[in-house]
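The values are calculated or read from the model by the stated rules, or taken from the named source; none is laboratory data. Since we're looking at a predicted model, the values are computed, not measured. Cβ coordinates were reconstructed from backbone atoms using ideal geometry, including for glycine residues, and neighbour counts include every protein chain displayed. Note: areas computed on protein heavy atoms with side chains; ligands, DNA, RNA excluded. Shrake-Rupley method; radii C 1.70, N 1.55, O 1.52, S 1.80 Å.
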Amino acid sequence: MLSRTGTFVGLILVMCVMSDQVAAQRPGINQDETKVPAFTLPEVLKLNDGGWVETADAWQAKRRLEVFNAMADNVYGHVPKKKVSVDFKLVSSWEVLDGAAIRKLVEVEFGDAPGNSASLLVTVPKAEAPVPCFLGYNFHGNHTTTDDPKVPITESWVRDRKSPSTKGNRANEAGRGTSASRWPYREIVDAGFGLATIYYGDVDPDTHDEFKNGIHPLFYEAGQTKPKETEWGSIGAWAWGLSRCLDYLELDANVDGAHVAVVGHSRLGKTSLWAGASDERFWITISNNSGCGGAALSRRRFGETVGVINRVFPHWFCDRFPEFSGQENDLPVDQHMLMSLIAPRAVYVASATQDLWADPRGEYLSLQNANGVYALYGDSAMDVNPPVADSPVVTNLRGYHSRTGKHDITLFDWQQYVKFAKRQLSK
Ligand code: GCU
């Protein structure tokens, strides 16, 4: 009895120490809804001259650009003005999924000098007509998305993983298929959609190197060594890369270029949102567990904050964003404005119940607070309360779910995206 009690007390002690450690690892991080500060969101429909937008025409003609510029100036940065050429080369194509689909490897070449290229992997069902397609970055190389032995192993810099699949920031054969659960090719192809993916490190390696590698230097003017204060960081560069993939997909005879949905998980969900906001050719924009700097409202300061994200990932945003660390109420924008920029096109946001770091409620609320702009296009209002777990809520143009579980993109998430996309197609 005594020893049992001893074990029990010991366990409690260990648990206390552990939760203290968790708190210590993330000092100042709030994950308690009752401690979310009171805040007022910037008015998305209020013009800089004080007037109000009342029609879709006025939004499109006047206010949309003001909001876009404010998001770019303060958060993601602008694409530099210099033009950089982009070429596409079909490297190879072969049959996959027991002959149900064709897979193509396309080399995307940035700039005139050799050495800056990315590999786009396009998988499309065999079909009579061009198919709608999902497009999204992967985290570890195209070869990690499938067991297919024909997909080349990326030669770009990769973040080392806690497994033999990488060594010294290089990928190897052991990584093949290790992210396959995130890329359900079979289900997507069977549903009649294509799936195109590209390794984000091909466009810009995810390290803070003062923007010496990746595509940033291609855009420098003479004498420039880093992006200007309101020019892009890595998320801006990755988003630009997605637009270049769309340029290719518009040319691909197997793909319906007017129906390309951009999708991304986590930091790549932040990226898909900015891509969808920046490039009005994207049909649907999907953000999976994108959190701070993505779908989550910055002013809530729940989970990851503006201060934390800029400290840990100083290369993701433009130089002005860190000025709002701890000063979120001074931001001229918040993430509901990012959602609004996607209107009248469709947008889907997904959270995971255990992913408090990404602030599921804040992810929902930015979508809900885009009600005003979406209403200009006849979309019905989303309720202020998020739906219960695993029950998607959809309006005509927007969708949201919170999946039970942790930070990840799973088959359940993809099933909702496919369903939402089919719904959009049937309109
Ligand atoms: C970190 C980061 C998040 C990001 C995530 C990811 O957790 O703090 O902002 O979304 O990495 O991309 O996996």
Checklist line | Debye log10 I(q)/I(0) at q = 0.19, 0.20 Å⁻¹ for the stretch 246-368, Cα point scatterers | finding: -0.97, -1.05
Checklist line | Karplus-derived HN-Hα couplings along the stretch 122-132 (A = 6.51, B = -1.76, C = 1.60, θ = phi - 60°), whole Hz, x at Gly and Pro | finding: 10, 10, 10, x, 5, 8, 5, 10, x, 9, x
Next item on the list: Among the aspartates and glutamates, select those whose C-alpha is under 14 Å from the C-alpha of K228, and discard any that sit fewer than 8 residues away in the same chain.
Entry: D73, E210, D319
Margin query: So if I place +1 on the C-beta of Lys and Arg and -1 on the C-beta of Asp and Glu, and nothing else carries charge, what would the dipole magnitude of the chain be about its Cα centre? I want it in debye, nearest 20.
Written below: 640 debye
Note to self: Given an 8 Å cut-off on Cα distances and at least 6 residues of separation, report the relative contact order of the chain as a percent.
What the structure shows: 16 percent
Note to self: Test of understanding: in a Gaussian network model of the chain with alpha carbons linked when under 10 Å, which of I29, I215, I286 would top the mean-square fluctuation ranking?
What the structure shows: I29
Note to self: Quick check: residue separation of D209 and S380 times 0.36 nm, minus the Cα distance between them. What number comes out in nm?
What the structure shows: 57.1 nm
Checklist line | Solvent-accessible heavy-atom area per residue, rounded to whole Å², over the stretch 69-425 at 1.4 Å | finding: 36 Å²
Check: From the cross-link list K89/K226; K81/K270; K167/K419; K89/K212; K46/K270; K89/K167, which pairs have alpha carbons spaced over 31 Å apart?
Finding: K167/K419
Check: Rounded to a whole number, what % of the accessible area of the chain do carbon and sulfur atoms account for, probe 1.4 Å?
Finding: 55 percent
Next item on the list: At a Cα cut-off below 23 Å, give the lysines reachable from K162, other chains included and same-chain residues fewer than 8 away excluded.
Entry: K406
Notebook entry, point to check: Where in the stretch 272-297 is the amide nitrogen less than 12 Å from a point lying 7 Å along the Cα-to-Cβ axis of T55?
Noted result: none
Margin query: With 27 Å as the cut-off, how large is the P(r) tail for the stretch 69-425, expressed as percent of Cα-Cα pairs?
Written below: 43 percent
Check: Going through the stretch 54-160, which GluC sites (Glu not before Pro) have at most 10 other Cβ atoms within 10 Å and a DSSP loop state?
Finding: E54, E128
Check: Could you give the distance between the Cα centres of the stretch 84-120 and the stretch 320-391, to the whole Å?
Finding: 34 Å
Item checked: Residue of G192, G77, G115 that the Gaussian network model of the chain assigns the largest fluctuation, springs spanning Cα pairs under 10 Å -> G115
Item checked: Whichever aspartates and glutamates have a C-alpha closer than 19 Å to that of K126, once near sequence neighbours (fewer than 8 apart) are set aside -> E95, D98, D148, E187, D190, E250, D252, D256
Note to self: Per-residue counts of other Cβ atoms within 10 Å, averaged by peptide: what ranking do you get for 252-265, 131-144, 199-212, highest first?
What the structure shows: 131-144, 252-265, 199-212
Next item on the list: Work out how much length K422 to K226 would gain on full extension: take 0.36 nm times their residue separation and subtract the Cα-Cα distance, in nm to one decimal.
Entry: 66.3 nm
Note to self: At 222 nm, what value in deg cm²/dmol follows for the chain if DSSP H runs of at least 4 each add -39500 (n - 2.57) and the sum is divided by all its residues, to the nearest 500?
What the structure shows: -8000 deg cm²/dmol
